[in-house]
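Participant: Mind looking over this structure? Questions follow.
Every read-out reported here was derived from the displayed coordinates using simple, explicitly stated rules and does not represent laboratory data. Everything quoted here is computed from the prediction, not taken from an experiment. Cβ placement follows ideal geometry from the backbone for every residue including glycine, while neighbour counts extend to all protein chains displayed.
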């Protein structure tokens, strides 16, 4: 087994690296990695319905879609991610959460922590979650990855994933929020997140026959960065890949009450309607038509607004008030 040493904390790179290794390596692999503050959404989720967009923007939190299904998770440097990529012989062994979480549970037990696999895909300590896991199958290879909350900032985790469930009506996979805890709080002896990662890596190397450390070559890094540029850092993958959804919101503005109803497919506004007790000089349907076919994204909508006399359609309501209301 190749144990890949990766000190990158760029979430776009790390998610791309998983896909690159999955599809281009032949060996079984194990990876440990950390991300700078980011939200990683499941493949089948509506991204905007999973994130607190205002908090994400204010704190420059990256939002990246992963290959696997499941719910959205918050990463920071106090969280360790582990990945197993293995060749499998039959369909029955392709999805096996217990198999890939057991080494982590064994490490925790060696450290005196009574961790258990519970539910569909979680590792728990005293009924609180420290690890969520997901899997993706590609041909005869399975990618299993999971989080390990070691010393994450719980306030950031909660704030970044807090979203009003009434705004979005869709069929995207919804995240299930659980009570969480940090592993560091349950250790009898203090250690850093890097020391904990080293213990896990040492355990895997000793327990897997013919394991060896592997570092990405220049060619590997070039290919991964190409995948970052073409996929993992793009709006089309991270937001546009979302399932179709309807958006509803009501806000109070300086110019009156405003109601918005919007239908979006593949991240593109298909239909939008504005209602309320605001005053207008120009016909509002003209404004609505200008937004059809536009990405449900702040910068794209702002470009449209820059070309329109917004005040003629919404008296005493600023463009920024309307843009804020659209998310």
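Participant: On full extension of the chain, what length is gained from residue 208 through residue 316, given 0.36 nm per residue of separation minus the C-alpha to C-alpha distance?
Facilitator: On the way: separation 108, 0.36 × 108 = 38.88 nm, distance 6.70 nm.
Result for the pair: 32.2 nm of gain on full extension.
Participant: Would you mind giving the three semi-axes, in whole Å and largest first, of the ellipsoid equivalent to segment 1-76 according to its Cα gyration tensor? Can you show the working numbers first?
Facilitator: Working: eigenvalues 128, 42, 13 Å².
Gyration-tensor ellipsoid for segment 1-76: 25, 14, 8 Å.
Participant: In addition: Project the alpha carbons of segment 64-106 onto their principal axes and report the range along each, largest first, in whole Å.
Facilitator: For segment 64-106, the Cα extents along the three principal axes come out at 35, 27, 15 Å.
Participant: Still on this structure, I have one more. Given R₀ = 51 Å, what would the calculated FRET efficiency be for residue 77 paired with residue 307, taking r from the Cβ atoms and rounding to 0.05?
Facilitator: On the way: r = 42 Å, r/R0 = 0.82.
Efficiency, from the Cβ-Cβ distance: 0.75.
Participant: So for 248, 19, fewest C-beta neighbours within 10 Å to most, what's the order? Before the final figure, lay out the partial values.
Facilitator: Working: 248 12, 19 19.
Taking fewest neighbouring Cβ atoms as first place, the list is 248, 19.
Participant: Could I ask something else about it? Return the equivalent ellipsoid semi-axes of segment 134-192 as a descending list in whole Å, where each equals the square root of 5 times an eigenvalue of the C-alpha gyration tensor. List each step's numbers first, then the result.
Facilitator: Numbers: eigenvalues 151, 106, 12 Å².
In descending order, the three semi-axes are 27, 23, 8 Å.
Participant: Something else about it: Give, as ranges by residue number, the residues of segment 170-199 whose backbone N falls under 18 Å from the point 7 Å along Cα→Cβ of residue 126.
Facilitator: Inside the label zone: 178-191.
Participant: Per 5 Å bin, what percent of the C-alpha pairs of segment 56-145 does each bin hold, from zero upward?
Facilitator: 3, 12, 21, 22, 18, 13, 8, 3, 1, 0
Participant: Between segment 250-327 and segment 94-153, how far is it from one alpha carbon centroid to the other, in angstrom?
Facilitator: Comparing the Cα centres of segment 250-327 and segment 94-153, I get a distance of 44 Å.
Participant: Oh, and also: Is it possible to state the helix-based mean residue ellipticity at 222 nm for the chain, with each DSSP H run of 4+ residues giving -39500 (n - 2.57), the sum divided by total residues, to the nearest 500 deg cm²/dmol? What is it? Don't skip to the answer; put the middle values down first.
Facilitator: Details: 10 runs with 94 residues, N = 327.
For the chain, the value works out to -8500 deg cm²/dmol.
Participant: Rounded, prolate or oblate for segment 35-85? Axes are the square roots of the Cα gyration tensor eigenvalues, ordered a ≥ b ≥ c, and the cut-off for rounded is a/c under 1.5. List each step's numbers first, then the result.
Facilitator: Details: a/c = 2.76, a/b = 1.20, b/c = 2.30.
It comes out oblate by the Cα gyration axes.
Participant: Say R0 is 41 Å: what FRET efficiency, to the nearest 0.05, do residue 26 and residue 327 get from their beta-carbon distance? Don't skip to the answer; put the middle values down first.
Facilitator: Working: r = 44 Å, r/R0 = 1.07.
The computed FRET efficiency comes out at 0.40.
Participant: In nm, give the distance between the simple-model label positions of residue 222 and residue 54, each being 7 Å from the Cα along the Cα-to-Cβ direction.
Facilitator: With each label point 7 Å from Cα toward Cβ, the separation is 4.7 nm.
Participant: Also, quick follow-up: Going by average Cβ neighbours within 10 Å, how do the peptides 302-309, 197-204 rank, with the highest at the top?
Facilitator: Numbers: 302-309: 12.5, 197-204: 16.5.
Descending packing order for the listed peptides: 197-204, 302-309.
Participant: Still on this structure, I have one more. So for the chain: antiparallel DSSP bridges make up what percent, rounded to the nearest 5? Provide the component values of the computation, followed by the final result.
Facilitator: Numbers: 52 of 65 bridges.
Bridges in the chain that DSSP calls antiparallel: roughly 80 percent.
Participant: Now, a different point. Which parts of segment 30-68 would a label at residue 265 reach, counting a residue when its backbone N lies under 20 Å from a point 7 Å out along Cα-to-Cβ?
Facilitator: 44-49
Participant: Just rank 31, 1, fewest to most, by other beta-carbon atoms within 10 angstrom.
Facilitator: Neighbour counts put them in this order, fewest first: 1, 31.
Participant: Right, here's the next one. Compute the convex hull volume of the Cα atoms of segment 245-325, divide it by the residue count, and report the result per residue in Å³ as a whole number. It would help to have the intermediate numbers written out before the result.
Facilitator: Values: hull volume 6.1 nm³, N = 81.
Per-residue hull volume (Cα only) is 75 Å³.
Participant: Residue 194 label point, 7 Å along Cα→Cβ, cut-off 16 Å on backbone N: hits in segment 23-50?
Facilitator: Residues 32-36 qualify, since their backbone N sits under 16 Å from the label point.
Participant: State, in angstrom, two size descriptors of segment 2-240 derived from its alpha carbons: Rg to one decimal place and Dmax to the nearest whole number.
Facilitator: Answer for segment 2-240, Rg first and Dmax second: 17.1, 52 Å.
Participant: A follow-up question, please. For the peptides 280-292, 145-157, what is the packing order when you average, over each peptide's residues, the other Cβ atoms within 10 Å and list the highest mean first?
Facilitator: Numbers: 280-292: 14.2, 145-157: 20.3.
In descending order of packing, they fall as 145-157, 280-292.
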